[in-house]
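Engineer: Before I ask anything, let me first share the structure, which is written out below as structure tokens.
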Amino acid sequence: MTESELLDLLAELNTGERYYQYCDTRPRAKLSLSLPEQKRAIEATGLGFRYDAREKFFAHRVDTAHGPLSLHLAFSLGSLEVILGVGHDGKVIGGPLHVLALKLARRREPEYRHDPPYPRLPLQDEASVSEAIQFALVLHDELRAKLQA
């Protein structure tokens, strides 16, 4: 799989537009979560995430027909960063969703600019944390289904 093929799949799912819509329709805040609070939010998914203490993100991986699909979630002050990757030939294709969304937008409109340029999923309160994680899981599951087809 190439990056172009991954972007094709994400475009079929309207991932970029949905990502920007999610980020743009929610207020920004400065919610700070302790590591135990982050772990509780991740554990509530019921999925097997592992925590990478050095890189400070939660990682989930599933095998697909095209290689392993990884989902990394990294909390920061007021936001959640989502990273999607597909393993192929010893490399990982993909990256942070805010970067992939911009690449998708620039495929349609080469001069596209977003403000802010690289938004993360905003977190205001406990409910928004759960909502953001669920949004990331939906995007992950949709991509997984495409990779299984």
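Just so it is clear, none of the values below were taken in a lab; they were calculated from the coordinates. Because the structure is predicted, anything quoted here is derived from the model rather than measured. No Cβ is skipped: glycine too gets one built from the backbone with ideal geometry, and neighbour counts run over all protein chains shown.
Engineer: In segment 3-17, which residue that is polar (S, T, N, Q) and part of a helix (DSSP H, G or I) is farthest from residue 65 (Cα to Cα)?
Structural biologist: Step by step, filter segment 3-17, then rank; the result is 15.
Engineer: Within segment 101-116, can one find any residue that is of a type in the set (Gly, Ala, Ser) and either free of Cβ contacts under 8 Å to residues at least 12 places away in the same chain or touching a strand residue (DSSP E or B) at 6+ places or on another chain (Cβ under 8 Å) (or both)?
Structural biologist: Checked against the condition, which is being of a type in the set (Gly, Ala, Ser) and either free of Cβ contacts under 8 Å to residues at least 12 places away in the same chain or touching a strand residue (DSSP E or B) at 6+ places or on another chain (Cβ under 8 Å) (or both), segment 101-116 yields no hits at all.
Engineer: Taking into account only those residues within segment 18-36 that are free of Cβ contacts under 8 Å to residues at least 40 places away in the same chain and in a helix (DSSP H, G or I), which is nearest to the chain's Cα centre (by Cα)?
Structural biologist: Looking at the filtered set, the residue picked out is 21.
Engineer: Moving to a separate point now. Can you name every residue in segment 118-128 that is in a loop (DSSP other than H, G, I, E, B) and within 14 Å of residue 81 (Cα to Cα)?
Structural biologist: If the condition is that a residue be in a loop (DSSP other than H, G, I, E, B) and within 14 Å of residue 81 (Cα to Cα), then 118, 119, 120, 123 are the ones that fit.
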